[in-house]
Amino acid sequence: MVIDPAILRTDPDRIRESQRRRGEDEKIVDSLIAADQAMRTARQHFDELRNQQKLIGKDIGPLQGQLKKADDAAKPALQAQLDGLMAKAQALAEETKAAELASGDAAAEAELLWLQIPNLVNLDSPVGGEADFTVIEHVGVPRDFAAEGFVPKDHLEIGEALSAIDVERGAKVSGSRFYYLTGPGAELEFALLNLAMDHARQHGLIPMITPALVLPTAMEGTGFLGQAAENVYRVESDDLYLVGTSEVPLAAFHSEEIIDVADLPKRYAGWSSCFRREAGSYGKDTRGIIRVHQFDKVEMFVFCDPANAEAEHANMLAWEKEFLDALELPYRVIDVATGDLGSSASRKFDIEAWIPTQDAYREVTSTSNTNEFQARRLRIRMRDGETTKPLATLNGTLCAMPRVIVAILENHQQADGSVMIPAALRPYMQGRTQLS
């Protein structure tokens, strides 16, 4: 079950309200209530039959002992009584086996419906679709290129002039939406990686290099085989999936485990290549490296007590803001609307950097509180004294390399075609102050 079943049984309207806010089907809640009741009834019937089996077993043993000790006159009656019990036990065994199968089928049907229910939205999230977000704050002021006396170039024109980005050869080798980072472009990515990892370590996150291929259980457990399935690459011959974010292997790292509450929170920063089919994006962002099939990313991930999840969410947003501040980029923070949360998130904050040539803010980082949703699917629990219960998980992008590179090239470009390197990156780029 991906949501606490107690909510379904005591407050189903809470799930209906979440479905409404997401723009999802509310009627599935009625189907789930019926399936949950059928599952509990079937399980209760199975348990009752098992108890009857135990009671008959207790009667058979002593009766067999009596039969062995009885005289010839008493044996026929005892044998008849034993035969009756054995026949009843046999019939009960068959009935119990059928009840066990029925209970399993009912549980499987309920589980299929549970998997169709996305996480319960935070009631503070704005309601609506992609365009209905709420702006929380603006940080920094976009440059006035007109006042500086030149027209800004887009990231691809800059990148090609600097021999930093090569999309033509990327397309030649791999097809559309692939690219090479060359020379200063590759150096810029490595610098961003090192800065991001140093930033993560300063805040107590453990660096990780994660697998790029995962089993279906990991992909489904994190919620990426539902609404997001169309954007996932699958290696059918091995039944493995290429990850679209290291969130997946980071979340599954502690799957099927129980973590002592004293060891929480556990905070990780994972680097991986990410792969996305970008299905449904035909005609969008076809120029440059904003929307691509493969890219590298540093992702933060936290396991914590659900009582501390909102505080951890605020921490992750603050760390993302610090990173963008270090890169001297103007940006805004938005509270993502319910219809754009994805299946796992209860609440999500995006940071969107200003892209001068698009005259728009574009997402560069995101952080989501998934509460217990992923932990329940991946069977990750915490032990608090004598009790165990699901913990909470949160994720947040610290640096998605291509989009951050886009923002740096466009915001820090100079009239002569060079690009100023943000001061925080210079120690990772041999002290250089610009790309030229």
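Just a few scattered comments:
- When each of Asp59, Asp30 is tested for being over 22 Å from Thr338 (Cα atoms) and either charged (D, E, K, R) or out of contact with any Gly (no Cβ under 9 Å at 6 or more places or on another chain) (or both), the lone residue that passes is Asp59.
- Selection over segment 1-59 of residues that are within 25 Å of the chain's Cα centre (by Cα) and not in a helix (DSSP H, G or I) gives a count of 8.
- In segment 23-45 there is at least one residue matching the filter, namely being surrounded by 15 or more Cβ atoms within 10 Å (Cβ to Cβ), in contact with a Ser or Thr (Cβ under 7 Å, 6 or more places away or on another chain) and over 18 Å from Ser346 (Cα atoms).
- The listed residue being in the same structural domain as Ala147 (by TED's automatic domain parsing) and modelled with pLDDT of 95 or more, out of Glu386, Glu372: Glu372
- Residue in segment 109-123 that is in contact with a strand residue (DSSP E or B) (Cβ under 8 Å, 6 or more places away or on another chain) and either polar (S, T, N, Q) or outside the structural domain of Glu17 (by TED's automatic domain parsing) (or both) present: yes
- Some residue of segment 237-254 being in contact with a Pro (Cβ under 8 Å, 6 or more places away or on another chain), of a type outside the set (A, V, I, L, M) and either surrounded by 14 or more Cβ atoms within 10 Å (Cβ to Cβ) or not in a loop (DSSP other than H, G, I, E, B) (or both): yes
- The residues of segment 227-236 that are part of a loop (DSSP other than H, G, I, E, B) and buried (at least 16 other Cβ atoms within 10 Å of the Cβ), listed by number, are Ala228, Val232.
- Segment 338-420 holds strands (runs of 3 or more DSSP E) entirely within its bounds, and those carrying 1 or more residues that are more than 26 Å from Val2 (Cα to Cα) map to 347-355, 360-369, 392-400.
- Sole exception among (1) in contact (Cβ under 8 Å) with a residue 40 or more places away in the chain; (2) within 18 Å of the chain's Cα centre (by Cα) for Leu225, by number: (1)
- Selection status of Ala107, out of contact with any Lys or Arg (no Cβ under 8 Å at 6 or more places or on another chain) and either over 30 Å from Arg347 (Cβ atoms) or of a type outside the set (Asp, Glu) (or both): no
- The residue that is farthest from Ala311 (Cα to Cα), counting only those in segment 255-283 that are crowded, with 20+ Cβ neighbours inside 10 Å and of a type in the set (Gly, Ala, Ser), is Ser272.
- Within segment 178-197, considering residues that are in contact with a strand residue (DSSP E or B) (Cβ under 6 Å, 6 or more places away or on another chain) and of a type in the set (A, V, I, L, M), the one nearest to Gln434 (Cα to Cα): Leu192
- Qualifying residue in segment 284-303 (condition: on the phi > 0 side of the Ramachandran plot, in the same structural domain as Glu320 (by TED's automatic domain parsing) and out of contact with any Gly (no Cβ under 6 Å at 6 or more places or on another chain)): yes
- Hey, Phe295 touching a Cys at 6+ places or on another chain (Cβ under 6 Å) and either more than 23 Å from Asp132 (Cβ to Cβ) or buried (at least 23 other Cβ atoms within 10 Å of the Cβ) (or both) or not: yes
- Screening the candidates Val135, Val121 for the property of being loosely packed, with under 14 Cβ neighbours inside 10 Å, closer than 30 Å to Ala360 by Cα and of a type in the set (A, V, I, L, M, F, W, C) yields one hit, Val135.
The values are calculated or read from the model by the stated rules, or taken from the named source; none is laboratory data. Since the model is a prediction, treat every value here as computed from it, not as a measurement. Cβ coordinates were reconstructed from backbone atoms using ideal geometry, including for glycine residues, and neighbour counts include every protein chain displayed.
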